[in-house]
Amino acid sequence: MNKRSAPLFFLLALVGLAGPLASAENSLRVGVQAGIGQWEEDVRARAVAASASLQTDAAATVGVVGQYLMRAGADDNQQGYFIGFEISAASQRVSEKKTIDVAVLGASIPVAVTGDLNWNADLLWLAGYDFGRFSAFLAGGASYLGGDFSATGGGIAGSDSATHLGWKAGPGMEIELGKSSSLLVRANYGVYQSKTYSADAAGFNVGIEVEPKVFDVRVAWVYNFDSKDIFGQLR
């Protein structure tokens, strides 16, 4: 999956999952999101004494988001618990470069490592309480990150596209802007699995391991659909 196809794929997946669950108490919401985050990539050279942390400046993200919410025990004022899931995708331009010293046969070789993060997609479960015009919720689930990584210098020359599967979780709040739209604000913390890139250094194979982490804050505007208007009333 590339960063161009990711938003469309995840929104189509949301609609496909929401259809069989449609009822009068449920709602489908689709919108746009933007945010700012602090990314960090822990870099280690395996089997040799070398490590570094690539910590970027705050970077912006922009993308799309879709949610399907199911109310549980709502009263006449539409207050009560809700659960659901969210599918989102975001594009970003994060790049950081740092030099680490890789020890090979007793010699220290400076190697420039560069990490680029281009897009990420999330599938999160939601649970919260609706107080009326204001809601609070927790979200957590799987996240997928795509980018590139390279290492050059001292006889090392390696690069590869990076994809990392991980998890993301955090709290959020929602404010109704009217009958058909809402504003969501949330904070996320995510950790992704490490990936090892192999590179040759003076005839020896050196494995360089990369593990991304993120803390970000996102704001989303979503339009609320009545699911039965889209999928029809279940019988």
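Select, from 161, 180, 135, the only residue that is open to solvent by 20 Å² or more (accessible area, probe 1.4 Å) and touching a residue at least 40 places away in the same chain (Cβ under 8 Å).
180
Does residue 132 meet the test of being on the phi > 0 side of the Ramachandran plot and either assigned to a strand (DSSP E or B) or modelled with pLDDT of 75 or more (or both)?
Here the answer is yes, as residue 132 does meet what is asked.
Output the number of residues of segment 94-125 satisfying the condition of being open to solvent by 10 Å² or more (accessible area, probe 1.4 Å) and either assigned to a strand (DSSP E or B) or modelled with pLDDT of 80 or more (or both).
19
Of all residues in segment 20-51, how many are open to solvent by less than 20 Å² (accessible area, probe 1.4 Å) and modelled with pLDDT under 90?
Total satisfying the criteria: 8.
Do you know which of the residues in segment 54-73 that are within 18 Å of the chain's Cα centre (by Cα) and at pLDDT below 75 is nearest to residue 111 (Cα to Cα)?
Filtering segment 54-73 for residues that are within 18 Å of the chain's Cα centre (by Cα) and at pLDDT below 75, the one nearest to residue 111 (Cα to Cα) comes out as 55.
Just for segment 136-154: of the residues that are under 24 Å from the mean Cα position of the chain (by Cα) and either within 17 Å of residue 66 (Cα to Cα) or outside any strand (DSSP E or B) (or both), which one is modelled with the lowest pLDDT?
Residue satisfying both the conditions and the ranking: 144.
The values are calculated or read from the model by the stated rules, or taken from the named source; none is laboratory data. All figures in this text were calculated on a predicted structure; none of them were measured in a lab. Positions of Cβ are backbone-derived with ideal geometry, glycine not excepted, and every protein chain shown enters the neighbour counts. Remember, those area values only see protein heavy atoms, side chains included, never the ligands or the DNA or RNA. Shrake-Rupley method; radii C 1.70, N 1.55, O 1.52, S 1.80 Å.
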